[in-house]
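Only one structure is covered here, and it is reproduced in the block below.
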Amino acid sequence: MSVVSFLLYVFITSFTPGPNNIMAMLFANKYGFKKTLRFCFGVGAGFFVIMLLASYFNLLLHNFIPKIELPMMILGAGYMLYLAVKIVTSKNSENDDDTGKYNSFLAGMLLQFVNPKGVLYGITVMGTFILPYHTSNVSLLFFSLFLAVVGFMGTSSWSLFGSIFQTFLSKYRNQFNVVMALLLVYSAVSIFMG
């Protein structure tokens, strides 16, 4: 296994924009970094489960990819478009009644199961970099945990960015929400272009 290629792929994929990172930045901008950590931990936990599933079922999934790829793409793109609409139509008042129900551990975890970037990433990283060289239960558990930690770091860094620039972004919340929604729309559209 080429460690450099593996690490480049893992870090670039984990730290580039995607549903996890965009949502973490939005939540941190609205609720603060500490309150968004539960979402980030949920993302990490869900990502860990996805990596384990990708490890143990990679061959099975590989045989069924043509059958599940389109439904996963449609479901994931639809969810991203739904999030984009929610972002654009969100209220700007500081004292709105939104308690952050989407900014939760469970929401972060469940997002991984409709996140095509995460699922395809898990299948790719496991099938390309790990399974050809490591097949023991201990090594698969270790790599799944490592990938979940890197995913948590990526999501947390976007969350930190959202909270650091909270004052600046609150002045331009409408424009910021439109840009974030457009990034989600771009993510959804790019699923079908790849």
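Some points to look at:
- Scanning segment 147-167 finds no residues that are assigned to a helix (DSSP H, G or I), aromatic (Phe, Trp, Tyr) and without any contact (Cβ under 8 Å) to a residue 40 or more places away in the chain.
- Residue identified as under 20 Å from Met180 (Cα atoms), open to solvent by 70 Å² or more (accessible area, probe 1.4 Å), at pLDDT below 90 and of a type in the set (Ser, Thr, Tyr) among Tyr102, Tyr56: Tyr102
- Any hit, segment 173-183, residues being at pLDDT 85 or above and surrounded by 14 or more Cβ atoms within 10 Å (Cβ to Cβ): yes
- Yes/no for Ser163 being open to solvent by less than 70 Å² (accessible area, probe 1.4 Å), modelled with pLDDT of 85 or more, over 13 Å from the mean Cα position of the chain (by Cα) and farther than 16 Å from Phe6 by Cβ: yes
- Failed item in (1) within 20 Å of Val4 (Cβ to Cβ); (2) buried (at least 20 other Cβ atoms within 10 Å of the Cβ), with Ala148 passing the rest: (1)
- Look at segment 111-135: where a residue is within 15 Å of Leu7 (Cα to Cα) and open to solvent by less than 30 Å² (accessible area, probe 1.4 Å) and a partner is assigned to a loop (DSSP other than H, G, I, E, B) and among the aliphatic types (A, V, I, L, M), sitting 6+ places away or on another chain with Cβ atoms under 9 Å, you get Ile130/Met1.
The values are calculated or read from the model by the stated rules, or taken from the named source; none is laboratory data. Since we're looking at a predicted model, the values are computed, not measured. When we count neighbours, we look across all protein chains shown, and the Cβ atoms used for this are built from the backbone with ideal geometry, even at glycine. Ligands, DNA and RNA are stripped out before the accessible areas are found, and what is left, the full protein with its side chains, is counted by its heavy atoms. Shrake-Rupley method; radii C 1.70, N 1.55, O 1.52, S 1.80 Å.
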